[in-house]
Amino acid sequence: MSNIIYHDFTTQKEKPTSYDVLLDSGDLVSFVPEDVDDLADLFIIEYVVQPCLFGWEAIMINSMRYNTYSLPNFYKTKTAAEAAAETHRISELTKIDAIFDEMLDDWDE
């Protein structure tokens, strides 16, 4: 067998130094990810709820995706938007947990 070196030449996303979210009110909210050594700190999902033309919207800040995104629905109250954002956050974390469970199950076999 020969020694083969493999290198992935595809473009890699750079980790941003901060996430800036411009709210409809004109406020700029910045989230600065800290340098983390703990793997659990890489899976941080936060959200901002703000009023908009159609009621309330929830903007998700997902450290794994390196970007922000809005939930597709608008909500009548701030509490409903916060509840939807928290539900989405827990759903995303549950998906990550399931992936790690599968990895551990495969590792045990």
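The values are calculated or read from the model by the stated rules, or taken from the named source; none is laboratory data. From a predicted model like this one, the values you see are computed outputs, not experimental measurements. Counting neighbours? That spans all protein chains shown, and the Cβs are built from the backbone with ideal geometry, glycine included.
Tabulated results
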quantity: Hits in region 73-103 (condition: closer than 18 Å to ASN62 by Cα and charged (D, E, K, R)); calculated: GLU82, GLU86, ARG89, GLU92, LYS95, ASP97
quantity: Unique residue being out of contact with any strand residue (DSSP E or B) (no Cβ under 8 Å at 6 or more places or on another chain), under 24 Å from ILE99 (Cα atoms), assigned to a loop (DSSP other than H, G, I, E, B) and modelled with pLDDT under 80 when the list is GLU34, GLU14; calculated: GLU14
quantity: Total residues in region 56-109, condition over 20 Å from the mean Cα position of the chain (by Cα) and of a type in the set (Phe, Trp, Tyr); calculated: 2
quantity: Verdict on ILE45 being in contact with a Lys or Arg (Cβ under 7 Å, 6 or more places away or on another chain), closer than 18 Å to LYS95 by Cα and at pLDDT 70 or above; calculated: yes
